[in-house]
1. Scan around residue 67 for amide H atoms under 5 Å from its own, H built in the peptide plane at 1.01 Å from N, and keep only partners 5 or more places away or cross-chain.
2. Looking at the chain, what % of its DSSP beta bridges pair antiparallel, to the nearest 5?
3. Quick check on the exposure proxy: order 78, 26 from fewest to most C-beta atoms within 10 angstrom.
4. Going by a ≥ b ≥ c, the root eigenvalues of the Cα gyration tensor, does segment 286-420 fall in the rounded group (a/c under 1.5), the prolate group (a/b larger than b/c) or the oblate group?
5. Which of 38, 291, 325 moves the most in a Gaussian network model of the chain with Cα springs under 10 Å?
6. Of all beta bridges DSSP finds with both residues in segment 168-414, what is the antiparallel percent, to the nearest 5?
7. What is the order of 254, 1, fewest Cβ neighbours within 10 Å to most?
8. Net charge within 12 Å of residue 209 by Cβ-Cβ distance, Lys/Arg positive one each and Asp/Glu negative one each, not counting residue 209 itself?
Amino acid sequence: MEIFENNEIKITTCKKGYNRYTKISYPVKYGIYSEIETKDHIFQFNLNNEIVRAKGKGDSWLNPSEWLKRTIGNDWIYYSTGGYSGVFEAIGEYYLPNFPYLTNSLIGGKPFKEPIINEIISKWSDIINEVSIKKKLPARFKYFINKILLNSNKQLSLKADTLIKILKRRISVLPPDARHVDYDVIPVNISHGCLYNCKFCRVKTDESFSLLGMDQISHQIKKLKALYADDITNYNSIFLGEHDSLNSPSDLIMFAAKQAYLQFNFKHSFMGKANLFLFGSVDALLNKKKTDFDKFATLPFKIYINIGLESADQETLDILGKPLTTKKIIAAYKLIRDINIQYENIEISSNFIIDDNLPKNHYVSILNLLQKECTIFKNKGDIYLSPLRINKPSRQELFKFNELKIKSPAPTFLYIIQRL
């Protein structure tokens, strides 16, 4: 780590943040990064010299504990406190992500309407350039700033486009369990489309389910390694996409996971033990054998699988256009419970829908299922409640969420849809 400081600017290179994701009520930053601090701003950069976090200072900034984060997909996300305890109870994290795009959140404000937010996002490089040229910097720090300025907003947008080209599409939704690593995942698609294409879904494609070949997956991993470049050491997690990768043959899942672990050098990641996230459908789960999960358990990952159950009420399932019976939903939840108990490094979470206009028995069926079948084991098996409508929060939905959370024997949280 090197530091340069004068009365206008402070530059710190190769600063070490936390090397383990944690739940804590004050702001922490993860990984190895560099920082430029001026009188009015703090900017942080990854090991590729790309801006990843920013915040203002002084009275003009919304809250000294809140900040902006930029994703590999070039979305800026504003992390707000929301009153800490209320946010933690709702989403299981102390900070609430606010997005510049429509999502299904029942809570949160509109920080992207604030002038200070948009000024930082659009003019961060101008601010750094203006401050840096006022004072003569040592050559190595001037070189560092020049590398940063090469990664302009235009270049960062082009890099996000490259990610989409590698994956053949944008990742429209990440599993809710990715919150455990602040959504810092490397996406590797091993399949496309979805098994059901449910009528209610607003974030998935209408494609039928299809598989990628091993050669395609290997090529994708190679391209991703080059894209993430030096900053790959700040990652320890992959998302095996797309919307139902659990429906893929187990050997393909094993192949992709092992290749990613090896090529991304997760064994030596600054962020420690590796994680694997994926979505699965009810049928994909029920069709897997015990021997499949025995194989998964040998992988060098903590594995998080998210299953969309949506409801245990047949009328609701029909309204949602989900082609399943309540018998399958119940069988899937029982299997989820058993797997969570049996496998130390595999955790399966479940999604259910909430909405004002669903049949009353929908909520009764959820509670009946959880209260009858749920077995608490090491606090595993989170339940996520997802508002059906995008960006149309209602007091009734929030009330229903709170009611279900209080009565649920399992850890229960809002599922806030985040893309990459």
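Bear in mind these aren't lab numbers, they're just calculated from the coordinates by the rules spelled out. Since the model is a prediction, treat every value here as computed from it, not as a measurement. Cβ atoms come from the backbone with ideal geometry, glycine included; neighbour counts cover every protein chain shown.
1. 79
2. Details: 30 of 62 bridges.
Rounded to the nearest five, the antiparallel share is 50 percent.
3. Numbers: 78 24, 26 9.
Lowest count first: 26, 78.
4. Values: a/c = 1.79, a/b = 1.61, b/c = 1.11.
In terms of gyration-tensor shape, prolate.
5. 291
6. Values: 2 of 33 bridges.
The answer is about 5 percent antiparallel.
7. Details: 254 16, 1 9.
Arranged by neighbour count, lowest to highest, 254, 1 become 1, 254.
8. Charge balance in the 12 Å sphere: -4.
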